[in-house]
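Here the structure comes first, spelled out in structure tokens, and everything after it is commentary.
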Amino acid sequence: MFVAVSNIYVCLINYISLFFIIYYNDNIINWLPKETNMSSIGKNSSYLREVNKKSIINIIRSDSVSRSDIARITGLTKPAVSEIVDYLIRTGYIDEIGTKEISHGRHPKMLSLKSDSYYAIGVNINRDRCIMGFSDFSGRIVSDCIIDINDLPPVIAVNIICNKIFELKEKLSIPDDKLLGLGISIPGPVNTVRGQIINPPNFERWHNFNIVEQFRKSINIAAFVENDATAYAVMENLLGHGKDFSNYMMLVLVDGVGSAEIIDGIPFRGQYGLNSEIGHVSININGELCKCGNHGCLELYTSIPVVVSKAKAMGLPVNSWSDIVDLALEQNSDCLQIIREQASYLSFAIENIVNIFAPQAVILSGKIQYKPDLLLSLIKNQVYARYLTKRLFEPQILMSKMDQDSDVCAATSIVLNNFFFSDDTD
């Protein structure tokens, strides 16, 4: 009797469940939370496909690999990898470059980035010159030129640059559909959201100028602007030490002191897309007035023009940072003292960076890359002795792998880095 009642109860529950499934079949999507409705599922699926495509391109960009290598690295199934790889071959991003010799089984086909398939335009505008050029898909500069825009209003300067872009594009026979975009590097601060230069010191003519909008009026192409330090940081991410770290801080010493933080390939930004400006952090609240309006900025003590001017005022026969370094290596006591002071100021800045951001690495770039061993050893000794979390980790302090005169490469890297690491799938 008990068994019979139990069976009736089970049947009743099944009939009720079947009724609800049939009755609500047409509306079952509405039962799902908003974030899991079918349009979201489709969108998320599309997003994941794009993420997987970029992940695979980045693996191939770093080294020649096979489909099996990619499946092992990503955890994707071999059919999924083959589908994406076939798409990337059809669209020209990658190519098969031969087979890999193995001791047994089929020789796998190796994959490599197709460097001549797509191109990026780079424009660097600084205080004393403009240089423009094109890079291929691997980041190699294929052509560049210097453009004289000194003392010109920004609108006229942009038009002259655009004419030169068209001229060089025709010379290189690059079709429109092979251009990924235009990268602009310029002294900061820069509103990267609006594409607007704000108020860089000694760059008054360009203040509040929307440079991205002006370029887009003349060239129908995606355009991106970064301050020059961030441009160097993303170049390092693509082609230098940055490939070895998931997060790092870049310091660039040229006319001023620029900085940028990279996290998982992407520049870390604040409000309005602003990047860090470590050069205008005060290290002496009673110091002299900086052109930015602050007192005692780091830049007033460590920028290369300031250091060279100080050496000249001491009566030293120098015209550049390299002159100071050469004399220091010849044991000139005054030049040795200048480098010790430079190391002290920079180590102070790096200690604060490490204490605030805890980066895996701090990478130095710019004119201080010239024969850097003395300066770098002094900086490391001071930082490693004083930063707060020394018992937990030791950040690497490195000189950039990239040439100090890589302005065009840095500008084109803005475009390429955006392509390789941006999560924008529109």
* Taking Gly296 and the conditions (1) within 25 Å of Asn352 (Cβ to Cβ); (2) open to solvent by less than 20 Å² (accessible area, probe 1.4 Å); (3) in contact with a helix residue (DSSP H, G or I) (Cβ under 8 Å, 6 or more places away or on another chain), which numbered condition does it fall short on, given that it satisfies the others? -> (3)
* Asked: So which of Ile324, Ile283 ends up being touching a residue at least 12 places away in the same chain (Cβ under 8 Å), of a type in the set (Val, Ile, Thr), more than 30 Å from Asn417 (Cβ to Cβ) and in contact with a strand residue (DSSP E or B) (Cβ under 9 Å, 6 or more places away or on another chain)?
  -> Ile283
* Consider Gln342 carefully, then state whether it is of a type in the set (S, T, N, Q) and either free of Cβ contacts under 8 Å to residues at least 12 places away in the same chain or under 30 Å from Lys54 (Cβ atoms) (or both). => no
* Only one of these is aliphatic (A, V, I, L, M), surrounded by fewer than 15 Cβ atoms within 10 Å (Cβ to Cβ) and under 27 Å from Arg127 (Cα atoms): Ala313, Ala343. Name it. => Ala313
* Does the stretch 215-234 contain any residue that is among the charged types (D, E, K, R), free of Cβ contacts under 8 Å to residues at least 24 places away in the same chain and part of a helix (DSSP H, G or I)? -> yes
* How about the stretch 198-251: which of its residues are touching a strand residue (DSSP E or B) at 6+ places or on another chain (Cβ under 6 Å), within 16 Å of Ile121 (Cβ to Cβ) and surrounded by fewer than 19 Cβ atoms within 10 Å (Cβ to Cβ)? -> Arg216, Ile221, Ala222
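Tell me, please, whether a residue that is open to solvent by 10 Å² or more (accessible area, probe 1.4 Å), touching a residue at least 60 places away in the same chain (Cβ under 8 Å) and among the charged types (D, E, K, R) can be found in the stretch 372-383.
The answer is no, given that none of the residues of the stretch 372-383 is open to solvent by 10 Å² or more (accessible area, probe 1.4 Å), touching a residue at least 60 places away in the same chain (Cβ under 8 Å) and among the charged types (D, E, K, R).
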* Structure fact -> (1) under 20 Å from Asn417 (Cα atoms); (2) open to solvent by 10 Å² or more (accessible area, probe 1.4 Å) all hold for Val190 apart from (2)
* Qualifying strands (runs of 3 or more DSSP E) (wholly inside the stretch 93-201; at least 1 residues being at pLDDT 95 or above and touching a helix residue (DSSP H, G or I) at 6+ places or on another chain (Cβ under 7 Å)) -> 119-125, 130-136, 141-147, 179-186
* Asked: Any residue in the stretch 328-351 that is β-branched (Val, Ile, Thr) and closer than 19 Å to His280 by Cβ?
  -> yes
* Asked: What are the residues in the stretch 263-293 that are at pLDDT 90 or above, open to solvent by less than 40 Å² (accessible area, probe 1.4 Å) and part of a loop (DSSP other than H, G, I, E, B), if any?
  -> Gly265, Gly287, Cys290
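The values are calculated or read from the model by the stated rules, or taken from the named source; none is laboratory data. Worth saying up front: this structure is predicted, and the values here are computed from it rather than measured. With ideal geometry, Cβ positions are generated from the backbone for all residues, glycine too; neighbour counts draw on all protein chains shown. Note: accessible area is taken over every heavy atom of the protein model, side chains too, but ligands, DNA and RNA are not part of it. Shrake-Rupley method; radii C 1.70, N 1.55, O 1.52, S 1.80 Å.
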